[in-house]
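Shown next, in C-alpha cells, is the structure this report addresses.
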Protein chains: 4
Amino acid sequence: MIATTDFKSVIDQYQVIFFDSFGVIKNYKGLVPGIENTFAYLEEQQKDYYIVTNDASRSPLQLAHSFNKLGLDHITPDKVISSGMLAKEYLDLKVNDGIVAFLGTPDSAHYLDSSGLHVLPLSAINDDNISQVNALVFMDDEGFDWFQDLNKAVNLLRKRSIPAIVANADDAYPISKQDVSIAIGALAGMIERITGKKFIRFGKPDSQMFTFAYELVRQSRSSVNKKDILMVGDTLHTDILGGNKFGLDTVLVFTGNTLHHDAETHINATGILPTHICESAVV
Amino acid sequence: MIATTDFKSVIDQYQVIFFDSFGVIKNYKGLVPGIENTFAYLEEQQKDYYIVTNDASRSPLQLAHSFNKLGLDHITPDKVISSGMLAKEYLDLKVNDGIVAFLGTPDSAHYLDSSGLHVLPLSAINDDNISQVNALVFMDDEGFDWFQDLNKAVNLLRKRSIPAIVANADDAYPISKQDVSIAIGALAGMIERITGKKFIRFGKPDSQMFTFAYELVRQSRSSVNKKDILMVGDTLHTDILGGNKFGLDTVLVFTGNTLHHDAETHINATGILPTHICESAVV
Amino acid sequence: MIATTDFKSVIDQYQVIFFDSFGVIKNYKGLVPGIENTFAYLEEQQKDYYIVTNDASRSPLQLAHSFNKLGLDHITPDKVISSGMLAKEYLDLKVNDGIVAFLGTPDSAHYLDSSGLHVLPLSAINDDNISQVNALVFMDDEGFDWFQDLNKAVNLLRKRSIPAIVANADDAYPISKQDVSIAIGALAGMIERITGKKFIRFGKPDSQMFTFAYELVRQSRSSVNKKDILMVGDTLHTDILGGNKFGLDTVLVFTGNTLHHDAETHINATGILPTHICESAVV
Amino acid sequence: MIATTDFKSVIDQYQVIFFDSFGVIKNYKGLVPGIENTFAYLEEQQKDYYIVTNDASRSPLQLAHSFNKLGLDHITPDKVISSGMLAKEYLDLKVNDGIVAFLGTPDSAHYLDSSGLHVLPLSAINDDNISQVNALVFMDDEGFDWFQDLNKAVNLLRKRSIPAIVANADDAYPISKQDVSIAIGALAGMIERITGKKFIRFGKPDSQMFTFAYELVRQSRSSVNKKDILMVGDTLHTDILGGNKFGLDTVLVFTGNTLHHDAETHINATGILPTHICESAVV
C-alpha cells in the first residue's frame, strides 16, 4: 500500500487550506471522528480555510449551519464555497428576466431565488409559461419526480434554446457504507446526450470553483499566492484533478471515495497525482 | 430538399423487405395512413417481409397482436424480430441458473420468463436474494420507479459482477407530435457510465438483430442473399447504419424520427448514407 | 490472484475452438511456447478450430503462411477469419464502382483489390480523382505517412459523403515487453470525432466477426450450436466481451494483454466475465 | 438566415473587448479585411482589449510580432493571452525539477524554457533520461514526427505517472478555404483515450483562460466587472461557450469556423447562445 504522511506535518507547510466537505469533513454517518481537532488547530495557528464543495442542495448559510450543528462552530457561511454559488452568479450575469426552471429541493430553489429572477420547479412549467423559461438549472437529485421531470427536462430543451446549468458535476455520492446514490451530474449528463445540447457545468474539477475561493482568500490575505494553498480531498477526479490544474498543492485522504488499498492503482491508472497522501484530514 | 423516389419502385427491386416498426409502420397516433396497402402489395407480389424492431416491451406475439388490432392482419408473430428476442437468447445461452433481475413492464418479464430462469423485477431484489442474481436486463422505460430502481441498479452492479443486458439501445422515442420520452437505452447508458461496467447491447444498429432476421429468411428462401434484402427505416443511427453495416440496401423514410427538410443535413453530418430515400413506406 | 483451470480440461468440453491470434497463439517474440501442442491435440481429437483475428494488415492466406513459417503447419487459410474479410465483404455488397481509398500496407491493399474495385492508397487521391472516391477504409497503422495522410483523411471526409470503414477496432497492440504501438482503430476514432461522421467498425467485439466464423463452422458441422463453441482470448474488451455477447463460452488467458495479477481487478471493474480462466492456451 | 447586428453598435456597449485570434482577426489568408479599423476605433474610444487565443505554438511576444507585421501596430505582447501561458504557469507552480518533455515546434519549447525547467522535445527522451521526465506537454501539431512521437507519448505515459498537459484544446484548424489540419487537441485526446489517463487541458472553453485575462483587466481598470466585457469569437464550442460560462456577454462572427447560413442550426443544435451575432468584427 502506498505510504502516507502525517496530516499535521502537511498543513504546517501552507497558509491556507481548502477542504472538500463530503468524504473529508463528514460522511454519511456524521463528522469524520476527530476532525474538530483539525479546525481547532487551524484557528490556533491562524491559518485560513475554506470549504469548497460540489453540494448545491443547500445555500452556504444552510451548509454552515449543518456543520455548526455537528459541533464545528468555526465554520461560518463566508467560509463555504459551493458550486451552487457559481450557478447563481451565472444567472445573475447572464439571465436577465423570465423564469428559471430548476430540478432539486426547495432549499436549492430558495437559494437561487435571491437572484431576483422568477425561480420555479420544472414541474410548474406548462404550456402557458414555457415560452418565458430562460434557463434550466440542475441543482440536486432530490425534490422532484424522476420519471415526470427528467422527461420534462428533455422536452423543454428540445422546444427552447436556453442554457442548461449543472450545479453539481458529481455522478454519484455515498449514502451508506455499501450504497451510493445517483447524483444530479449523472442525470444531467444523460439529458445532455439525449438532446445533443452542450450544458454548462460548475463544480470541481472545473477551475471556476477554485478561482472563486482564491479571490476570497486574496481579499483578506493579499500576499497569499497559489503556492501557499493546499486542497484536501477524497476524490481524484474532482478535488485532486481540479486543485492540481488550478496550480495548488493537493492531498488525498482515505475517509471517503478513495480507499487506501485502491489508491495506488487508481493514481497510476488515471495519472492524477496528489502532492501528498494522508490517512485522513485529522491532526 | 433532398429528392425522393417512389417506394413501390424501390421495393420492386428486392425479394425481402425488413421494416422498422415505430416511425415506419405506426407512430404515436396509430398506423401510418395507407401502410396497409404496402402489406397487401407485398402479399400479392409474394415478397417476404419482417418487422425488425428495438421494441422489447412486449413479446413478438403481443407485438403481432397489436398490429392485427390496428388492421394489419398479415403480420404474424413469426414475422416479428425484436431486440428482446436477442436478450432472451443471451440468457438461454449464457445464464444457467439463479435470478434474472429486470427493469421494465410485466409484459417484458413474462416474455423472458419462458427461458426457465427465475425472472424478477429489480424491485423484488433484496439482501436475501441479491447473491443469487446472475444477470440484470434493461427491457423498457416503464413498469418501475425510476428513483428507487435506477439507484438500485447502480448498487446491484457495484456489489455483484454480473452481466448487464440492454434490450433496446434507443435513447428516446416520440410520444406525440411535440414530445419524446427517454428510452431504456439512455437510462442504461447513464448507469453504465456511473458503474464503469461494460453493458451488452442488443438492438439496431447492432448486427445481431440483422443476423437473426437473415437466418429466418434463409430458412424459408435459401437462395436469397444480402443483395436481395431491403431495410426500411426512419432513423439514420439505427435502421440505416445497422442495415448498411450488415451489407443490406437501405431506404430512409420521413414518417418518423427524420424530417424531409433536415434529412440532407443529417446525412452529410453523419455520413450515414441510405441507398434510397422515400417520403414513406406507403405504396 | 484469481484461480485458473487447466486448458486441456476446458477444451475437452467443446467441439469447436475459436482462437484470437496475437496474445494467444503468438506475441511480439514469436509463438507462445508450447502452443504447437495445442493444435496437435485438436487435430488428434478431431476438434474444429478457427483463428478469429482483428489483424487486417494481411490476407488470410498471408496470415496462414506466417503461422506455417512459425511451425504451425495445420493452420490453413480457410481457418483464418480476419476483420479485413468483413471490410472486403462490405465493399463487395455496398460499393459498386469508383475508387476505394485506404490507409495501410500494400499487403492490405492487395487483399481488398480482389473485390474488383479500384483500390488506391489515400496518398494517391488528388483533386482529379477525389470525386470518384466512394469509400475510405482504415486497414492498418503502417504503410502511410501519418501527418500527411491522417490530415488527408479528415479533409476527404469533409468533402465527400462516403462510408468510412474501420477494419480493426483495436486501440493499441504490444510490440515488445514494454512498449505498445497505436493501432488503426485509435487513429480512425480520432478522425471520427474530428469529422463528426459515424464510421463502420468491424472486428471483435462486434458480433459480425463471430457470425462469419459461426457460418463457416455450420457449413462443415451442421449440428454444432453456440453452446459447443469456446472463444479463447487475451483481451476482455474484444475477445471475451464479443464472445459472450454472441452467446459463446469464453476463456481468458494471460499470455497477452491481460496479466494474471491484474485480471480480477479488471474483470470486476468492467463486468466482462469469462466463463473460464487459464494461464495460457497451451495444453 | 439569422439576423445580425452592426459590430460597432455592439462594442459601444462594453468597456473591454476580448478577441479570439484565428477566424476573427486573421485567417489562413492574412488579416480579416478592415479589422485594422476596429483596433483604431478601440484606441480612439480608449476601450481596453485583449487577444485570448488557444494558439500555443508561439509566445505572446512572437504572436504580437506577427500581428504587428500584418499591420496591427497596437497589439503589444501584454495584450496577448494564450493557452500556452497557462501551461507555463502550471509548470512553474507544479513541476519543480527534472525534465519537461513536449510535442511541438522549437518556438513553443523556447517559450516554456523560461520556467527554468529542463525542456526537451519528446524525441530526445530515451532510456537514460526517461526516469527524470516529470511532465509531458502537448503544445502544437507541428515540429515532430507523428508516427514516432505519438507512439512515444503513449509509451512514456504507460511507464511514468506524470501529468500530461494540453496547451490547445482545439481539434482542428483551417489552413485554406477548403482544408483543415488536425490540431494537437485531437492528437492528445487520442492518446488520453489509449492510455486511460486524465489529461489537464487549458485553452477556451476552459475558464482559466478567461480568469487570466480578467485579472489583467482588473489590474489596470479595477472598476470593470464581468458585465462590462465582451468576448468576440467565431467558434461556438470554445469562444462562445467559454465566454458565456465565465459570465461574459459574447458575440459570434462569421469570418471563421461558423458560416452565416449554418449558424442558426448550430446554435439550436448545441444550445450555445451568443448574446450578439455580427457578420464580422470589423467596425
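The values are calculated or read from the model by the stated rules, or taken from the named source; none is laboratory data. From a predicted model like this one, the values you see are computed outputs, not experimental measurements. Positions of Cβ are backbone-derived with ideal geometry, glycine not excepted, and every protein chain shown enters the neighbour counts.
Out of everything in the stretch B:113-128 that is part of a loop (DSSP other than H, G, I, E, B) and in contact with a helix residue (DSSP H, G or I) (Cβ under 7 Å, 6 or more places away or on another chain), what residue ends up being modelled with the lowest pLDDT?
Top of the filtered list is B:Ser115.
Output the residues belonging to the stretch A:213-225 that are away from chain D (no Cβ under 12 Å) and more than 17 Å from the chain's Cα centre (by Cα).
Selection gives A:Val217, A:Gln219, A:Ser220, A:Arg221, A:Ser222, A:Ser223, A:Val224.
On the given criteria, is C:Phe67 assigned by TED's automatic domain parsing to the domain that holds C:Thr235, under 16 Å from the mean Cα position of the chain (by Cα) and not acidic (Asp, Glu)?
Here the answer is no, as C:Phe67 does not meet what is asked.
Looking only at the stretch A:133-147, count how many residues are under 26 Å from A:Asp206 (Cα atoms) and within 9 Å of another protein chain (Cβ to nearest Cβ).
Qualifying residue count, the stretch A:133-147: 2.
Between D:Gly71, D:Gly34, D:Gly30, D:Gly84, which is crowded, with 23+ Cβ neighbours inside 10 Å and farther than 18 Å from D:Thr235 by Cα?
D:Gly84
Working carefully through the options B:Phe210, B:Phe254, find the one that is among the aromatic types (Phe, Trp, Tyr) and away from chain C (no Cβ under 13 Å).
None of the others qualify; the one that does is B:Phe254.
Quick one: in the stretch C:179-207, of everything that is more than 8 Å from chain B (Cβ to nearest Cβ) and of a type in the set (Val, Ile, Thr), which residue is nearest to the chain's Cα centre (by Cα)?
This residue is C:Ile184.
Take the residues in the stretch B:95-151 that are of a type in the set (A, V, I, L, M) and over 24 Å from the mean Cα position of the chain (by Cα), then tell me which one is surrounded by the fewest Cβ atoms within 10 Å (Cβ to Cβ).
B:Ala124
Find the residue count for the stretch C:226-251, including only residues that are without any contact (Cβ under 8 Å) to a residue 40 or more places away in the chain and either away from chain B (no Cβ under 12 Å) or of a type in the set (Phe, Trp, Tyr) (or both).
1
Could you figure out which of (1) crowded, with 23+ Cβ neighbours inside 10 Å; (2) not in a helix (DSSP H, G or I) isn't true of A:Ser176?
All conditions pass for A:Ser176, except number (1).
State yes or no: is C:Asp170 modelled with pLDDT under 95 and more than 9 Å from chain D (Cβ to nearest Cβ)?
Criteria met by C:Asp170.
When you scan the stretch B:148-167, do you find a residue that is outside any helix (DSSP H, G or I), away from chain C (no Cβ under 14 Å) and closer than 30 Å to A:Asn257 by Cα, even just one?
Checked the stretch B:148-167: no residue is outside any helix (DSSP H, G or I), away from chain C (no Cβ under 14 Å) and closer than 30 Å to A:Asn257 by Cα.
State the number of residues belonging to the stretch C:143-174 that are on the phi < 0 side of the Ramachandran plot, touching a residue at least 24 places away in the same chain (Cβ under 8 Å) and in contact with a helix residue (DSSP H, G or I) (Cβ under 9 Å, 6 or more places away or on another chain).
Residues in the stretch C:143-174 being on the phi < 0 side of the Ramachandran plot, touching a residue at least 24 places away in the same chain (Cβ under 8 Å) and in contact with a helix residue (DSSP H, G or I) (Cβ under 9 Å, 6 or more places away or on another chain): 22 in total.
Need at least 3 residues that are surrounded by fewer than 21 Cβ atoms within 10 Å (Cβ to Cβ) and acidic (Asp, Glu) per element, so show me which strands (runs of 3 or more DSSP E) inside the stretch C:185-279 make the cut, counting only ones lying wholly within it.
none
In the list C:Asp78, C:Asp55, C:Asp20, which residue meets the criterion of being of a type outside the set (Val, Ile, Thr), within 16 Å of the chain's Cα centre (by Cα) and more than 22 Å from C:Ala169 (Cβ to Cβ)?
Sole residue among the options that is of a type outside the set (Val, Ile, Thr), within 16 Å of the chain's Cα centre (by Cα) and more than 22 Å from C:Ala169 (Cβ to Cβ): C:Asp78.
Would you mention how many residues in the stretch C:158-170 are surrounded by fewer than 22 Cβ atoms within 10 Å (Cβ to Cβ) and under 27 Å from D:Glu142 (Cα atoms)?
Result for the stretch C:158-170: 3.
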